[in-house]
Each structure stands twice: as structure tokens, then as C-alpha cells.
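Visitor: Sending over a structure as C-alpha cells; questions will come in a sec.
The values are calculated or read from the model by the stated rules, or taken from the named source; none is laboratory data. Values in this document were obtained by computation on a predicted structure and should not be read as measured data. Cβ: placed from backbone, ideal geometry, glycine included. Neighbour counts: every protein chain shown.
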Amino acid sequence: MTETPPPSKLTATKRGWAAEGRFLDGNAPVDPATRLPPGQHLVKNWPVLDLGQQPDIAPDRWRLQIGGLVDRPGVWDWDVFQRQPRSRIVSDIHCVTTWSRYDNRWDGVASRDLLAFSDPRPEARFVAFESYDGYTTNLPIADFASEHALLADRWEGEPLTRDHGGPVRLVVPHLYFWKSPKWLKRIDFLADDRPGFWEVNGYHARGDPWTQQRYTSD
Ligand SMILES: Nc1nc2c(c(=O)[nH]1)N[C@H]1C(S)=C(S)[C@@H](COP(=O)(O)O)O[C@H]1N2
Ligand SMILES: [Mo]
């Protein structure tokens, strides 16, 4: 495992994001009147949605590849993942199929800590994700850098179950849930956007629930 990058480079990177008005995120203090995005309804259960293949990846066989425009590309196994700084985040889920679920308690590794470790180069503006079921999706790097985004391995204190993307999924709570890949396998930092599975099948490039960025035409 490599060391934490020197603070100077990280600080410069973060300053760059701030200068571009990054770190947008929709999870500012919760106002009950606006907490539920337009066109959504609340559910108490947690629906399972995916392409129908639910890969069975035991933690000791799980690997996360990190590549593209980063100073520290590499492969994290379960031990490396568990040695990263841990974060706990409570957030709401908003699925483009109109269900929302409040107050999900996630544990895992904050995207910001992965960014600090991997040290993306200034020209990295997008992130592309690949999962063990073949699913792909993409984000602007500022959305990945949201302070509420994390690579989750636990939900409500228990290991994330296989049907919900265990051992590790991404959670980006301020965007529709298709932007939160389950069974995460690979993260690539890119200069140019690379639309994923739903993005090439008519879903919006960004997917902000509060402005109902559901489909490409929205
Ligand atoms: N690997 C993978 N991740 C995925 C999907 C998928 O098919 N495969 N579906 C996405 C969609 S459309 C949704 S709504 C959420 C559903 O997550 P859940 O089954 O835990 O509710 O996962 C997202 N992440
Ligand atoms: Mo979805």
C-alpha cells in the first residue's frame, strides 16, 4: 500500500475544485418541505433494481481497480480498503423510477479520501465506473467529490448485502440512484466524459433529482 500523498498537492487540487465552484451537493441541512424531490414518493422498504445479474463476490476475492489520470493508480483488495479512513454518512435515496427512501446509514470510505489517496491530475474532469455485473456509469469529478459520497460496505450497521451491491458499492446521494454503482470493480479518472449503461440508453448525463434530470431530453 502506498502512502498518503503530500498535503501540498492535495491542497492544490482541492483549491482548484473550489475555484471552479465544485463541491456542489444537494444534502445541505434538511428542510422537510423540500426534502422529497419533485415527482418522487416515499417508500419504507428498500427495492432492489439492477440488470438481473447479481455477482457473488466474496470480500477476499473483491478487487477495486483505480486508474486513468491519477498519480497513484492501483488495485485495492479488501485489506487495503479496510485500512482507509472510515466514514459514516446518513443520506436519502432517490431512484429515477420515482421512489425515495430516507435516512440510510452507510459506512465505508468517503470518495474524498479515495481522491486524496489516488491524487487525480488536474486534467481529470470525469469519473467512469465499472461493476462486476458489467454495469457502467459516469460522474463529473465534482459530484464524485461531494462530501456525502462514499464507497459503502455497510448499511444500517450490517455488511452490505449482495442484492444491494455488496461487498462495496458507491453511494452518491445527491443524484438519482442509477449513479450509485453496485458491486464496484473499477474507477477511471478521465479528461472527457464516458457515458455509462443508462446514459447511452436515454438517461440524463448528470441526474439531479431536484431539477428532475431524468432523461436526456429533460
Ligand atoms: N452494478 C450495478 N449497479 C447499479 C445498477 C445495476 O444494474 N448494476 N442499477 C442502478 C439503478 S438503476 C438503481 S435504481 C440502483 C438500485 O440499487 P438497489 O438495488 O440497492 O436499490 O442501483 C444502481 N446501480
Ligand atoms: Mo434506478
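Visitor: With the condition kept exactly as written, say whether any residue in segment 107-123 is over 24 Å from ASP56 (Cβ atoms), within 15 Å of ligand 1 (Cβ to nearest atom) and either in contact (Cβ under 8 Å) with a residue 12 or more places away in the chain or buried (at least 22 other Cβ atoms within 10 Å of the Cβ) (or both). Before the answer, list the steps.
Guide: Keep residues of segment 107-123 that are over 24 Å from ASP56 (Cβ atoms), which gives 110-123.
Then keep just the ones that are within 15 Å of ligand 1 (Cβ to nearest atom); that gives none.
Looking for residues that are over 24 Å from ASP56 (Cβ atoms), within 15 Å of ligand 1 (Cβ to nearest atom) and either in contact (Cβ under 8 Å) with a residue 12 or more places away in the chain or buried (at least 22 other Cβ atoms within 10 Å of the Cβ) (or both), one finds none in segment 107-123, hence no.
Visitor: What number of residues within segment 88-105 satisfy the criterion of being more than 9 Å from ligand 1 (Cβ to nearest atom) and either more than 29 Å from ASN201 (Cα to Cα) or outside any strand (DSSP E or B) (or both)?
Guide: 6
Visitor: Still on this model: Consider ASP133 carefully, then state whether it is part of a loop (DSSP other than H, G, I, E, B) and closer than 26 Å to PRO195 by Cβ.
Guide: Details: part of a loop (DSSP other than H, G, I, E, B): yes; closer than 26 Å to PRO195 by Cβ: yes.
For ASP133, the condition - part of a loop (DSSP other than H, G, I, E, B) and closer than 26 Å to PRO195 by Cβ - is met.
Visitor: Pairs, please: C-beta under 7 Å, at least 6 apart or cross-chain, first residue more than 11 Å from LYS179 (Cβ to Cβ) and in segment 129-142, second surrounded by fewer than 22 Cβ atoms within 10 Å (Cβ to Cβ) and at pLDDT below 95?
Guide: ALA142/TRP17; ALA142/ARG22; ALA142/PHE23; ALA142/LEU24
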